[in-house]
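Inspection log for the structure reproduced underneath, given as structure tokens.
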Amino acid sequence: MQRRLHSFDESQSIEEHSSLLEKVNMVLPILSHDPRVVDVSDPVVWHTDLHLGNIFVSPNEPDTIEGIIDWQSSHIRPLSIQARFPEFLTPPKDYTFGPQVPSLPDGFDDLSPEQQEQATKEKDLASRSKYYEMSSLTHNQHVYNAMKLDRRLWEPFTYCQLFSHGSLFPLRECLIHLSQDWSLLGLPGSCPFLITEHERRRHDEQKLQYEDCLYLWDLVKNQLLTDISGWVPNDRWEATEKANKEL
């Protein structure tokens with residue numbers, strides 16, 4: 001446990017993690033009874049690894065799914081903490097839910113060729129994500145409602161786990177947002193925990209380090225043409241192997 005915490009920052013400790021978990025224990029019972037959470041928290045099967053390599057489609061009708069493999073890590077969890085865009089349709093940053101059609105940014109013609117290329121890619125990705133969002137609204141509104149649930153209401157349920165990068169930043173971040181926006185979110189009474197000045201300083205210290213970590217992770221993933229788990233399809237293996245040597 002301590003080794004995993006130190007893999008991100010050697011100053012992180014089990015005591016710090018325990019202190020944050022105590023705060024989570026205070027707030028989870030309140031969030032668990034909030035009607036907005038209850039309405040979209042039916043137990044559903046979660047595949048946990050639904051990337052393109054695990055989805056088999058018909059060779060003659062590519063829009064027809066014939067099978068899904070790799071179920072060994074699947075489990076049952078509330079819909080509210082797992083409803084999300086598929087890995088291959090993850091929207092770009094600053095994506096907005098709602099009927100707005102994605103478009104190129106203002107001043108697109110004044111951007112450099114590299115910036116125009118990036119803006120075009122982000123628009124295309126946002127358009128695919130928007131199609132998935134609107135399809136969910138039309139054909140599976142329960143999932144759509146779960147995807148729209150304010151992240152401040154579901155993050156504490158997931159970030160109390162210690163993820164592979166070992167950082168306590170996401171857990172502390174969601175607790176800070178929750179304490180700041182308690183009344184704004186319409187939650188009852190007052191926030192049951194306090195974020196100390198020391199915790200806020202620790203948060204500010206780790207913010208840039210955590211953002212750099214995510215940026216590097218995303219950069220390597222994109223350069224290697226892999227999904228989030230590092231999986232590479234056979235037809236891209238040579239390109240990925242070459243990119244790995246270059247990195």
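Here are some notes:
- Given (1) surrounded by 10 or more Cβ atoms within 10 Å (Cβ to Cβ); (2) farther than 22 Å from S11 by Cα; (3) in contact (Cβ under 8 Å) with a residue 40 or more places away in the chain, index of the condition P188 fails: (1)
Results for (1) over 27 Å from T48 (Cβ atoms); (2) modelled with pLDDT under 90, shown as yes or no for each residue.
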| residue | (1), (2) |
| --- | --- |
| G67 | no, no |
| W71 | no, no |
| I81 | no, yes |
| Y95 | no, no |
| F108 | yes, no |
| L111 | yes, no |
| E114 | yes, no |
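- Of the residues making up the stretch 27-77, those that are part of a helix (DSSP H, G or I) and either free of Cβ contacts under 8 Å to residues at least 12 places away in the same chain or loosely packed, with under 14 Cβ neighbours inside 10 Å (or both) are L28, P29, S32, P35, V38, L52.
- For beta carbons closer than 8 Å, sequence separation of 6+ or different chains, a first residue in the stretch 191-203 that is over 20 Å from R152 (Cα atoms) and a second that is not hydroxyl-bearing (S, T, Y), the qualifying pairs are R202/E16; R202/R172.
- In summary, helices (runs of 4 or more DSSP H) completely within the stretch 121-214 and bearing 1 or more residues that are among the β-branched types (V, I, T) and at pLDDT 95 or above occur at 169-180.
The values are calculated or read from the model by the stated rules, or taken from the named source; none is laboratory data. Remember, it's a predicted structure, so these values are computed and weren't measured experimentally. Note: ideal-geometry Cβ built from the backbone for every residue, glycine included; neighbour counts use all protein chains shown.
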